[in-house]
Amino acid sequence: MKKINWSTVRLLFMLAVVVFLYSFTGKRSIDRKITKAEVVFVGENQLFIDQKTVNKLLIENRTDPKTIGRDALDLNKLEKSIDAHPMIEKSQVSISVDGVLKAVVKQKTPIARIYDGGASFYIDYKGNKMPLSSNYTARVLLVSGEINDENRTDFAKLFRVIYDDVFLKKNIIGMQIMPNGSVLMLNRNYNFKIDFGQLVNVEQKFKNYKAFFQKVVLDSSIANYKKIDLRFAQQVVCTK
(Lines give C-alpha, C1' and ligand atoms only; values in the text may rest on other atoms or scores of the structure.)
Protein backbone atom coordinates (compact mmCIF):
# COMPACT_ATOMS: atom_id res chain seq x y z
CA MET A 1 0.00 0.00 0.00
CA LYS A 2 1.40 3.32 -1.10
CA LYS A 3 2.00 5.99 1.48
CA ILE A 4 -0.20 9.08 1.05
CA ASN A 5 1.76 12.27 0.44
CA TRP A 6 -0.20 14.67 2.62
CA SER A 7 1.84 17.66 1.47
CA THR A 8 0.69 17.08 -2.09
CA VAL A 9 -2.91 16.61 -0.94
CA ARG A 10 -2.83 19.87 1.00
CA LEU A 11 -1.35 21.68 -1.97
CA LEU A 12 -4.03 20.35 -4.33
CA PHE A 13 -6.76 21.21 -1.84
CA MET A 14 -5.49 24.79 -1.44
CA LEU A 15 -5.27 25.14 -5.21
CA ALA A 16 -8.86 23.94 -5.59
CA VAL A 17 -10.03 26.43 -2.95
CA VAL A 18 -8.23 29.30 -4.72
CA VAL A 19 -9.77 28.36 -8.08
CA PHE A 20 -13.22 28.11 -6.49
CA LEU A 21 -12.93 31.48 -4.73
CA TYR A 22 -11.61 33.14 -7.88
CA SER A 23 -14.47 31.74 -9.97
CA PHE A 24 -17.02 32.70 -7.33
CA THR A 25 -15.65 36.23 -7.02
CA GLY A 26 -15.51 36.60 -10.79
CA LYS A 27 -19.11 35.48 -11.16
CA ARG A 28 -20.27 37.89 -8.45
CA SER A 29 -18.36 40.69 -10.18
CA ILE A 30 -20.03 39.93 -13.52
CA ASP A 31 -23.48 39.59 -11.98
CA ARG A 32 -23.15 42.76 -9.93
CA LYS A 33 -25.21 45.70 -11.11
CA ILE A 34 -24.01 49.27 -11.51
CA THR A 35 -24.69 51.24 -8.32
CA LYS A 36 -24.66 54.66 -9.95
CA ALA A 37 -23.33 56.68 -12.89
CA GLU A 38 -21.05 59.64 -12.38
CA VAL A 39 -19.76 62.31 -14.78
CA VAL A 40 -16.73 64.44 -13.93
CA PHE A 41 -15.58 67.35 -16.13
CA VAL A 42 -11.89 68.30 -16.12
CA GLY A 43 -10.33 71.57 -17.27
CA GLU A 44 -11.05 75.23 -16.68
CA ASN A 45 -13.76 75.76 -19.29
CA GLN A 46 -17.33 76.54 -18.36
CA LEU A 47 -19.73 73.73 -19.23
CA PHE A 48 -20.80 73.81 -22.87
CA ILE A 49 -22.62 70.53 -22.34
CA ASP A 50 -24.54 69.54 -19.23
CA GLN A 51 -23.98 66.46 -17.11
CA LYS A 52 -27.42 65.10 -17.97
CA THR A 53 -26.52 64.82 -21.65
CA VAL A 54 -23.25 63.01 -20.96
CA ASN A 55 -24.95 60.80 -18.39
CA LYS A 56 -27.45 59.63 -21.02
CA LEU A 57 -24.57 58.69 -23.31
CA LEU A 58 -22.84 56.93 -20.44
CA ILE A 59 -25.82 54.73 -19.54
CA GLU A 60 -26.91 54.43 -23.18
CA ASN A 61 -30.21 56.25 -22.59
CA ARG A 62 -31.36 53.84 -19.90
CA THR A 63 -33.51 55.45 -17.23
CA ASP A 64 -31.83 53.77 -14.27
CA PRO A 65 -28.12 52.78 -14.18
CA LYS A 66 -28.88 50.27 -11.41
CA THR A 67 -30.52 48.01 -13.99
CA ILE A 68 -27.24 47.68 -15.90
CA GLY A 69 -25.09 44.62 -15.31
CA ARG A 70 -21.34 44.87 -15.67
CA ASP A 71 -21.31 42.16 -18.30
CA ALA A 72 -23.56 44.34 -20.48
CA LEU A 73 -21.03 47.19 -20.63
CA ASP A 74 -18.40 47.80 -23.30
CA LEU A 75 -16.23 50.60 -21.92
CA ASN A 76 -14.49 51.27 -25.24
CA LYS A 77 -17.85 51.57 -26.97
CA LEU A 78 -19.06 54.01 -24.30
CA GLU A 79 -15.95 56.15 -24.69
CA LYS A 80 -16.38 56.28 -28.47
CA SER A 81 -20.03 57.25 -28.05
CA ILE A 82 -19.16 60.09 -25.67
CA ASP A 83 -16.18 61.25 -27.76
CA ALA A 84 -18.44 61.50 -30.81
CA HIS A 85 -20.34 64.39 -29.19
CA PRO A 86 -19.27 67.65 -30.95
CA MET A 87 -18.59 69.41 -27.62
CA ILE A 88 -16.29 66.73 -26.22
CA GLU A 89 -12.60 66.28 -26.94
CA LYS A 90 -11.88 63.13 -24.94
CA SER A 91 -13.41 60.90 -22.28
CA GLN A 92 -12.28 58.04 -20.07
CA VAL A 93 -14.83 55.55 -18.73
CA SER A 94 -14.21 53.17 -15.86
CA ILE A 95 -16.02 51.04 -13.27
CA SER A 96 -14.92 51.11 -9.65
CA VAL A 97 -14.88 48.05 -7.38
CA ASP A 98 -18.06 49.26 -5.71
CA GLY A 99 -19.95 49.46 -8.99
CA VAL A 100 -19.70 53.18 -9.85
CA LEU A 101 -19.71 53.78 -13.61
CA LYS A 102 -17.61 56.93 -14.06
CA ALA A 103 -16.84 59.11 -17.07
CA VAL A 104 -14.06 61.69 -16.87
CA VAL A 105 -14.73 64.19 -19.64
CA LYS A 106 -12.61 66.89 -21.25
CA GLN A 107 -14.53 69.40 -23.35
CA LYS A 108 -13.21 71.00 -26.50
CA THR A 109 -11.60 74.42 -26.06
CA PRO A 110 -13.07 77.10 -28.37
CA ILE A 111 -10.55 79.74 -29.46
CA ALA A 112 -12.54 81.70 -32.07
CA ARG A 113 -16.16 82.26 -33.01
CA ILE A 114 -16.83 82.40 -36.73
CA TYR A 115 -19.59 84.38 -38.46
CA ASP A 116 -19.80 83.15 -42.03
CA GLY A 117 -22.91 84.40 -43.76
CA GLY A 118 -25.85 82.93 -41.85
CA ALA A 119 -23.72 80.33 -40.08
CA SER A 120 -22.00 80.74 -36.73
CA PHE A 121 -19.75 78.24 -34.98
CA TYR A 122 -16.56 77.94 -32.95
CA ILE A 123 -13.12 76.77 -34.02
CA ASP A 124 -11.60 74.70 -31.22
CA TYR A 125 -7.94 74.55 -30.18
CA LYS A 126 -7.24 71.64 -32.53
CA GLY A 127 -8.72 73.50 -35.50
CA ASN A 128 -11.99 71.61 -35.72
CA LYS A 129 -15.48 73.06 -35.97
CA MET A 130 -17.45 73.18 -32.73
CA PRO A 131 -21.14 74.11 -32.50
CA LEU A 132 -22.42 76.91 -30.31
CA SER A 133 -23.76 75.95 -26.90
CA SER A 134 -27.09 76.86 -25.35
CA ASN A 135 -25.47 76.50 -21.91
CA TYR A 136 -22.61 78.97 -22.21
CA THR A 137 -21.18 81.48 -24.67
CA ALA A 138 -17.39 81.57 -24.79
CA ARG A 139 -15.65 84.95 -24.79
CA VAL A 140 -13.25 84.36 -27.64
CA LEU A 141 -11.96 86.07 -30.74
CA LEU A 142 -14.83 87.12 -33.07
CA VAL A 143 -14.14 86.38 -36.72
CA SER A 144 -16.17 87.32 -39.80
CA GLY A 145 -15.51 85.85 -43.21
CA GLU A 146 -15.23 82.47 -44.84
CA ILE A 147 -13.61 79.55 -43.03
CA ASN A 148 -13.55 76.40 -45.15
CA ASP A 149 -11.70 73.10 -45.35
CA GLU A 150 -8.93 74.68 -47.43
CA ASN A 151 -8.04 77.57 -45.14
CA ARG A 152 -9.20 76.34 -41.71
CA THR A 153 -5.85 74.78 -40.75
CA ASP A 154 -3.89 77.97 -41.48
CA PHE A 155 -6.37 80.23 -39.70
CA ALA A 156 -6.53 77.84 -36.73
CA LYS A 157 -2.76 78.33 -36.32
CA LEU A 158 -3.30 82.10 -36.27
CA PHE A 159 -6.12 81.78 -33.73
CA ARG A 160 -3.90 79.62 -31.50
CA VAL A 161 -1.09 82.17 -31.57
CA ILE A 162 -3.51 84.84 -30.34
CA TYR A 163 -5.16 82.55 -27.80
CA ASP A 164 -1.85 81.41 -26.27
CA ASP A 165 -0.41 84.92 -25.95
CA VAL A 166 -1.61 86.87 -22.90
CA PHE A 167 -1.12 90.27 -24.56
CA LEU A 168 -2.67 89.37 -27.91
CA LYS A 169 -5.60 87.52 -26.34
CA LYS A 170 -6.47 90.59 -24.28
CA ASN A 171 -5.67 93.13 -26.99
CA ILE A 172 -7.16 91.68 -30.20
CA ILE A 173 -10.88 90.97 -30.05
CA GLY A 174 -12.04 90.88 -33.67
CA MET A 175 -10.91 89.79 -37.11
CA GLN A 176 -12.24 90.12 -40.63
CA ILE A 177 -11.14 87.70 -43.33
CA MET A 178 -11.16 89.42 -46.71
CA PRO A 179 -12.07 87.59 -49.96
CA ASN A 180 -8.39 87.52 -50.99
CA GLY A 181 -7.39 85.88 -47.69
CA SER A 182 -5.86 88.96 -46.08
CA VAL A 183 -6.84 89.85 -42.52
CA LEU A 184 -8.01 92.97 -40.69
CA MET A 185 -7.95 92.95 -36.89
CA LEU A 186 -9.66 95.05 -34.24
CA ASN A 187 -8.22 96.27 -30.95
CA ARG A 188 -10.17 96.05 -27.69
CA ASN A 189 -9.57 99.61 -26.43
CA TYR A 190 -8.79 101.68 -29.51
CA ASN A 191 -10.57 102.36 -32.79
CA PHE A 192 -7.71 101.74 -35.21
CA LYS A 193 -7.73 98.80 -37.60
CA ILE A 194 -4.79 96.44 -37.90
CA ASP A 195 -3.98 95.48 -41.49
CA PHE A 196 -2.31 92.13 -40.95
CA GLY A 197 -2.21 91.15 -44.62
CA GLN A 198 -1.72 87.54 -45.67
CA LEU A 199 -0.83 84.75 -43.23
CA VAL A 200 2.92 85.01 -43.71
CA ASN A 201 5.60 86.07 -41.21
CA VAL A 202 2.96 85.80 -38.50
CA GLU A 203 5.33 85.77 -35.51
CA GLN A 204 7.38 88.70 -36.83
CA LYS A 205 4.26 90.77 -37.51
CA PHE A 206 2.98 90.25 -33.97
CA LYS A 207 6.43 91.04 -32.59
CA ASN A 208 6.39 94.31 -34.53
CA TYR A 209 2.89 95.10 -33.29
CA LYS A 210 3.84 94.54 -29.66
CA ALA A 211 6.91 96.78 -29.99
CA PHE A 212 4.85 99.52 -31.64
CA PHE A 213 2.05 99.28 -29.08
CA GLN A 214 4.36 99.43 -26.09
CA LYS A 215 6.09 102.48 -27.52
CA VAL A 216 3.08 104.63 -28.46
CA VAL A 217 0.95 103.73 -25.46
CA LEU A 218 3.50 105.45 -23.23
CA ASP A 219 3.17 108.86 -24.93
CA SER A 220 -0.64 108.62 -25.29
CA SER A 221 -0.42 109.08 -29.06
CA ILE A 222 -1.97 105.69 -29.77
CA ALA A 223 -5.51 107.12 -29.79
CA ASN A 224 -4.61 109.28 -32.81
CA TYR A 225 -4.04 106.39 -35.20
CA LYS A 226 -6.69 105.03 -37.57
CA LYS A 227 -4.75 102.19 -39.15
CA ILE A 228 -1.75 100.07 -38.22
CA ASP A 229 -0.21 98.34 -41.25
CA LEU A 230 1.70 95.13 -40.42
CA ARG A 231 1.93 93.77 -43.94
CA PHE A 232 5.65 94.48 -44.16
CA ALA A 233 7.78 92.28 -41.95
CA GLN A 234 10.50 94.86 -41.38
CA GLN A 235 8.37 97.85 -40.46
CA VAL A 236 5.07 99.13 -39.09
CA VAL A 237 3.29 101.78 -41.14
CA CYS A 238 0.80 103.93 -39.24
CA THR A 239 -1.94 106.23 -40.52
CA LYS A 240 -3.48 109.01 -38.44
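The values are calculated or read from the model by the stated rules, or taken from the named source; none is laboratory data. Quantities reported herein were computed from a predicted structural model and do not represent experimental measurements. Glycine also receives a Cβ, built like all others from the backbone with ideal geometry; neighbour counts cover every protein chain displayed. Accessible surface areas use protein heavy atoms only, side chains included; no ligands, DNA or RNA. Shrake-Rupley method; radii C 1.70, N 1.55, O 1.52, S 1.80 Å.
Things to note:
- Carbon/sulfur fraction of accessible area - the range 150-206, other protein chains in place, 1.4 Å, %: 48 percent
- Residues with amide H under 5 Å from that of G174, placed H, sequence gap 5 or more: L142, L186
- Here's how it looks for T35: its modeled amide H is under 5 Å from those of V100, L101, which are all 5 or more places away or on a different chain.
- Computed about the Cα centre, the dipole magnitude for the range 52-139 is approximately 220 debye when only Lys and Arg (+1) and Asp and Glu (-1) carry charge, each at its Cβ.
- Here the gap between N135 and D74, fully extended at 0.36 nm per residue and compared with their Cα-Cα distance, gives a gain of 19.0 nm.
- Only alpha carbons enter this Debye calculation for the range 76-209, each as an equal point scatterer, and the log10 of I(q)/I(0) it gives at q = 0.09, 0.13, 0.21 Å⁻¹ is -0.34, -0.62, -1.27.
- If the segment from D229 to K90 were pulled out straight at 0.36 nm per residue, it would be longer than the present Cα-Cα gap by 46.0 nm.
- Charged side chains reduced to their Cβ positions (Lys and Arg at +1, Asp and Glu at -1) give the range 113-240 a dipole of some 440 debye around its Cα centre.
- When the pairs K129/K205; K157/K227; K36/K170; K52/K129; K129/K207; K90/K207 are compared against a 31 Å limit on Cα-Cα distance, K36/K170; K90/K207 fall above it.
- Highest mean first, the peptides 152-165, 220-233 sorted by other C-beta atoms within 10 Å per residue fall in the order 152-165, 220-233.
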